[in-house]
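Beneath this line is the structure, given in C-alpha cells, with notes to follow.
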Amino acid sequence: MPVAVVIHILSVVVWVGGMFFAYMCLRPVASTLLESPLRLPLWAQTFRRFFVWVWLAVILLPVTGHAMIVMNGGFGSVGTHVHIMVVTGYLMIALFLHVFFAPYKHLKYAVSDNDWQEAGRNLNQIRRIVGFNILLGLFTITVAAGGRYFT
C-alpha cells in the first residue's frame, strides 16, 4: 500500500504540477517574449516531452488508485471523497486524451507546415482545456487531502 500511495502522489504532482507550471508561468512569458514562429514550435516540443510523463501518470493513477481501493475493501468500503476522486480523475484523463488526439495532433501538423494561424487556434484550444483540467486537478487534490475529514 505505501508504494501505491507514493506512486499515486508522484504521478499527481508531475501531471497537475506540470500543467500549473506551463499554464501559469511558461505561457505568459512565452506569449510576451516570442512571436508565433518561435512560440508555437516551443509549445509543440514542450508538449511532446511533457505528454510522455502525462501518459505515464494516466496509466499509473488508475492502476494505483484502484489497487488502493481494493486493498481498502473495495468501493463499498471507501469514503465519498474516494468516489469523487475516481470520477474527477477519469474526467481529467478523458480531457487529456482529447487534447492529445485532437488539438495537439493538429498543432504538430500546423507547426510542421508553418501554418501559424492554425497552430495558434489549436494551442488556444489546448490552453482552455488545460486551464479547466488544472482546476479539476486542484479540486481533486483538495478532495484527496481533506475529503476524509468532511465525509
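Structure notes:
- Rounded to the nearest 10 degrees, the inclination of helix 103-112 to the longest alpha-carbon principal axis of the chain is 30 degrees.
- Rounded to whole numbers, the Karplus 3J(HN,Hα) couplings from phi for the stretch 115-130 are 8, 5, 5, 5, 4, x, 4, 5, 4, 5, 5, 4, 4, 5, 5, 5 Hz, using 6.51 cos²θ - 1.76 cosθ + 1.60 with θ = phi - 60°, and x at Gly and Pro.
- P(r), alpha carbons of the chain - 5 Å bins starting at zero, rounded %: 2, 9, 18, 21, 16, 12, 9, 7, 4, 2, 1
- Residue-averaged 222 nm ellipticity for the chain, from DSSP H runs of 4+ at -39500 (n - 2.57), nearest 500: -30000 deg cm²/dmol
- Degrees separating the helix 36-71 axis from the principal Cα axis of the chain, which is the longest one: 10 degrees
- Cα centroid separation - the stretch 75-139 against the stretch 19-41, whole Å: 17 Å
- Projected area, mean over directions - the stretch 1-59, Cα convex hull, nm²: 4.1 nm²
- Cα long-axis angle, helix 80-101 against the chain (0 to 90 degrees, to the nearest 10): 20 degrees
- Here the peptides 31-40, 139-148, 54-63 are ranked by packing, the mean other Cβ count within 10 Å, and the order with the highest first is 54-63, 139-148, 31-40.
Coordinate-derived values only; no laboratory data. Note that the structure is a prediction, hence the values are computed from the model and not measured. For neighbour counting, all protein chains shown are included, and Cβ atoms are generated from backbone atoms with ideal geometry for every residue, glycine included.
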